[in-house]
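To start, the structure under review is shown below, and the notes come after it.
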Amino acid sequence: MTFAAIDIGSNAVRLLFANIFDSDKGILPPVRTAFIRVPIRLGSDVFLREQIALEREQKLLKALTAFKILIDINEVVAYQAVATSAMREATNGAQIITRIEKELGILIRVIDGKEEAKIIREVGNISMNSAYPMTLFVDVGGGSTEISAQKNGQFINSQSFSLGTLRLLSGKTDPQEWQRLHDWLMQFEDYFGDMECVGSGGNINKITKDFGDKENRTISLKKLKKLHETLAKLSVTERMKTYNLRADRADVIVPASEIYLRIMEIIDADYIIAPKIGLGDGLIVNMYKDYKKQQTQK
């Protein structure tokens, strides 16, 4: 059965269609059937001017109008729409959400960083089995980075940090946020060097696919460090030409790799794995759980 998820992020707005079913061992990982990404970049307005400009608001409305048509045509079992960092911080975020609901009938739920981390962590548990005692889930977005830690499959702690690709590019990152990240990770010091580091998001997916071990969807710390140093020396145009990157990927890939690098260096991780999971996949897992619960109650 097919579900759909809309993720209104700081960098891009995404629509995911996926099939999901049960097996003898529980819920199977969602199988993506279609994925559409529109780089509207709400965060470019919010992190500089604290509100979403009318022009970008109109682009968002157009994208969501198209998404709603596709959802209706596909006759999905259910769909959900959520918004993250940029919409949370925009002074006119609530106003825009009300307009979208009134004009398109799409209900948007603004989620905080901890809920975002929880949703991604849950789909990560379904999609992979870690042999390490401790697993760290790291999701780097345009406005924030969400991290969850679990030991032997049991959740321990999570935190959201105002460290995102667009926020770094805008120069609006508080230097103390890096220290806060470091201090938070130090609670797991006993496991440094013996932790699975799991990355999610478009940048780490692109990095592992094009520059790492494509088959295993991993990239070593050494390779990631060299990649970051190489890309940082190039202009955005040079990155596009040399590595066949889209314009909206060529600029954010450098701050994204910087964030992943800092975390990997702190926890002494030899590599990071990117099982191609994201917020949309987690939303679909949760919708399927709710659907099963409703069917049981009938």
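The values are calculated or read from the model by the stated rules, or taken from the named source; none is laboratory data. All figures in this text were calculated on a predicted structure; none of them were measured in a lab. Because the Cβ atoms are built from the backbone with ideal geometry, glycine has one as well, and the counts that use them run over all protein chains shown. Protein only, heavy atoms only, side chains kept; ligands, DNA and RNA dropped before computing areas. Shrake-Rupley method; radii C 1.70, N 1.55, O 1.52, S 1.80 Å.
Note on the range 246-298: dipole from Cβ charges, positive end direction compared against TYR291, ILE267, ILE253; the farthest Cα belongs to TYR291. Carbon-plus-sulfur accessible fraction, the range 99-233 (probe radius 1.4 Å, protein heavy atoms only): 44%.
In the elastic network of the chain, a GNM with C-alpha springs shorter than 10 Å, the most mobile of ARG41, ARG180, ARG239 is ARG180.
For THR84, THR33, THR296, the ranking by accessible surface with the largest value first comes to THR296, THR33, THR84, using a 1.4 Å probe. With q set to 0.16, 0.24, 0.32 Å⁻¹, the log10 of I(q)/I(0) for the range 174-224, from the Debye formula over equal scatterers at the Cα positions, is -0.65, -0.95, -1.08. Solvent-accessible surface of the range 115-188, averaged per residue with a 1.4 angstrom probe and all protein chains in place: 40 square angstrom.
In terms of accessible area, using a 1.4 Å probe and ignoring ligands and nucleic acids, HIS228, HIS182 rank largest first as HIS182, HIS228.
Give me the 1.4 Å probe accessible area per residue for the range 233-298, excluding ligands and nucleic acids, in Å².
Numbers: 3220 Å² over 66 residues.
With all protein chains present, the range 233-298 gives 49 Å² per residue.
Summarising the label geometry, the points placed 7 Å from Cα in the beta-carbon direction at ILE69 and ALA53 lie 2.6 nm from one another. Cβ-Cβ distance of LYS151 and ASP22, R₀ of 25 Å, FRET efficiency by 1/(1 + (r/R0)^6): the value works out to about 0.40. The share of accessible area on the range 1-77 that comes from carbon and sulfur is 54 percent, using a 1.4 angstrom probe. Each eigenvalue of the Cα gyration tensor of the range 53-148, multiplied by 5 and square-rooted, gives one semi-axis; in descending order these are 30, 18, 10 Å.
Run lengths n ≥ 4 of DSSP H only: what is the helix-derived mean residue ellipticity at 222 nm for the chain, with -39500 (n - 2.57) per run over all residues, to the nearest 500? Don't skip to the answer; put the middle values down first.
Working: 13 runs with 146 residues, N = 298.
Roughly -15000 deg cm²/dmol at 222 nm, from the helical runs in the chain.
Of the peptides 98-106, 199-207, 216-224, the ranking by mean beta-carbon count within 10 Å, highest at the top, reads 199-207, 216-224, 98-106.
Ranked by the mean number of other Cβ atoms within 10 Å of their residues, highest first, the peptides 169-179, 85-95, 51-61, 280-290 come out as 280-290, 85-95, 51-61, 169-179.
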